[in-house]
1. Quick one: count up the residues across the stretch 309-331 that are in contact (Cβ under 8 Å) with a residue 24 or more places away in the chain, assigned to a helix (DSSP H, G or I) and open to solvent by 20 Å² or more (accessible area, probe 1.4 Å).
2. Condition first: farther than 23 Å from A81 by Cα, assigned to a helix (DSSP H, G or I), open to solvent by less than 10 Å² (accessible area, probe 1.4 Å) and of a type in the set (A, V, I, L, M, F, W, C). Now tell me which residues in the stretch 140-188 satisfy that.
3. Kindly establish whether K381 is open to solvent by 70 Å² or more (accessible area, probe 1.4 Å), within 30 Å of A139 (Cβ to Cβ) and touching a strand residue (DSSP E or B) at 6+ places or on another chain (Cβ under 8 Å).
4. Is it the case that P197 is at pLDDT 95 or above, assigned to a loop (DSSP other than H, G, I, E, B) and open to solvent by 10 Å² or more (accessible area, probe 1.4 Å)?
5. Among the numbered conditions (1) touching a residue at least 60 places away in the same chain (Cβ under 8 Å); (2) in a strand (DSSP E or B); (3) crowded, with 24+ Cβ neighbours inside 10 Å, tell me where S133 comes up short.
6. Could you list, in sequence order, the residues of the stretch 291-308 that are buried (at least 17 other Cβ atoms within 10 Å of the Cβ) and among the polar types (S, T, N, Q)?
7. Please pick out the residue among N265, N272 that is modelled with pLDDT of 95 or more, touching a Phe, Trp or Tyr at 6+ places or on another chain (Cβ under 8 Å), farther than 21 Å from N359 by Cα and open to solvent by 30 Å² or more (accessible area, probe 1.4 Å).
8. From L269, L284, grab the single residue that is in contact with an Asp or Glu (Cβ under 8 Å, 6 or more places away or on another chain), free of Cβ contacts under 8 Å to residues at least 60 places away in the same chain and either farther than 17 Å from A235 by Cβ or small (G, A, S) (or both).
Amino acid sequence: MAIEYLKRGKPEADRAEDDAKTAAVVEATLKDIEVRGDVAVHELAVKFDNYDRPSYRLSEDEIAAIIAKVSDQDMADIRFAQQQVTNFAQAQRNSMLDIELETLPGVILGHKNIPVQSVGCYVPGGKFPMVASAHMSVATAKVAGVPRIVACTPPFNGEPNPAVIAAMHLGGADEIYVLGGIQAVGAMAIGTETIAPVHLLVGPGNAFVAEAKRQLFGRVGIDLFAGPTETMVIADDTVDAELCATDLLGQAEHGYNSPAVLVTNSRVLAENTLSEIERVLEILPTAGTARVSWEEYGEVILCDTYDEMLSVADDIASEHVQVMTDRDDWFLENMTCYGALFLGPRTNVANGDKVIGTNHTLPTKKAGRYTGGLWVGKFLKTHSYQKVTTDEAATLIGEYGSRLCMLEGFVGHAEQCNLRVRRYGGINVPYGKGAPYREAAE
């Protein structure tokens with residue numbers, strides 16, 4: 001392979017050191033919330049968000065007053081975007097069927113898809129009010145049938161952001177709290193005197209939110225590891241540097257540690273994109289953030305072949321992968337590790353983030369190797385059940401079960417089977433022995 005890095009990001013060792021520092025802060029903060037509950041949450045909200053109120057839960061009257069500040073056009077846009085997300089989520093839900101079948105005469109097996117009973121939805125909003133994240137978590141949980149949906153978002157410029165609150169309310173949130181960061185996900189997962197704990201945490205966030213979810217996993221479920229946003233552009237000479245630079249920086253503006261990677265087999269495109277990025281950074285209003293991300297986490301990788309591009313892309317397993325080549329469907333067919341694909345120059349990550357209908361909460365930090373993004377199925381648990389309805393089936397399965405349990409040395413297990421063989425088949429199996437082999441059992 002002839003792979004050349006025209007630009008590299010921060011070394012992995014430095015990134016690991018940053019992660020370790022974050023983990024230590026999160027661990028101490030979560031312990032504080034567990035010990036001191038509402039008092040700790042209140043102190044953290046004042047310290048980090050400079051937001052002080054007796055209760056961080058919004059009342060119905062407060063929600064109505066806040067939503068009234070949203071213009072008619074903004075409300076129409078929010079409704080349109082939310083409808084696209086719920087339409088796709090409903091189609092996904094419809095694809096998930098309960099099943100029941102008779103696998104042998106008298107043996108009934110099945111599964112049911114049961115909603116998680118409570119979910120905590122984190123909607124980022126301290127730096128940018130992430131209106132769309134409310135659709136992705138709250139509205140999708142509603143489609144799944146979750147009975148209790150809790151939503152948290154930090155204040156924006158010192159107060160609840162009206163558009164975010166509107167999206168949460170329209171999406172079906174049962175409780176809305178103006179809380180951000182570790183204190184939000186910690187309060188929802190651990191619970192406090194006034195906030196009942198949830199069963200599942202979902203939603204994107206910064207490095208501290210992502211680490212808090214990681215540490216809370218096990219106490220509660222989480223959707224996936226969704227840390228700082230990542231983007232990759234896979235491009236050849238069918239597109240130009242303006243498209244590539246715009247799409248890379250469009251995601252780099254998320255935060256100071258948002259990786260943006262160009263993978264290409266065109267040296268001309270690679271070099272032109274590097275120049276175009278510098279030009280765009282001079283005029284981009286969010287360049288203060290995007291430039292730091294690009295300088296510390298941006299990469300340009302030059303490959304010889306499309307197979308090399310595919311291999312590099314699968315190894316990085318980026319959250320967003322934008323493919324603009326002469327063989328986009330080939331990448332769709334062959335890529336295996338990513339968050340979501342955006343195929344062709346008419347498509348872009350921003351559409352997926354905000355309006356097109358797919359979910360924008362996606363795996364980061366190579367988690368795309370083992371999980372997809374948030375979707376309606378994440379709010380559902382598939383539970384199996386079994387039922388034996390005839391004496392003959394109880395005897396047949398019991399005989400096999402008895403012998404297989406003894407094969408593993410589980411005498412108590414075998415006796416569960418033997419009891420059924422004796423009771424429903426009239427076969428005397430000595431205690432502590434496996435059922436005898438019978439030709440009829442075949």
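1. Qualifying residue count for the region: 5.
2. Within the stretch 140-188, A184, V185, A187, M188 meet the criteria.
3. It is true that K381 is open to solvent by 70 Å² or more (accessible area, probe 1.4 Å), within 30 Å of A139 (Cβ to Cβ) and touching a strand residue (DSSP E or B) at 6+ places or on another chain (Cβ under 8 Å).
4. Judged against the criteria, P197 is a match.
5. Going through (1) touching a residue at least 60 places away in the same chain (Cβ under 8 Å); (2) in a strand (DSSP E or B); (3) crowded, with 24+ Cβ neighbours inside 10 Å one by one, S133 breaks only (2).
6. Selection gives S293 alone.
7. Just a single option satisfies the conditions, and that option is N265.
8. None of the other options fit; the residue is L284.
The values are calculated or read from the model by the stated rules, or taken from the named source; none is laboratory data. Because the structure is a prediction, the values reported are computed rather than measured. Methodologically, a virtual Cβ is constructed for each residue, glycine included, from the backbone with ideal geometry; neighbour enumeration extends over all protein chains shown. Surface accessibility is based on the protein's heavy atoms, side chains included, excluding ligands, DNA and RNA. Shrake-Rupley method; radii C 1.70, N 1.55, O 1.52, S 1.80 Å.
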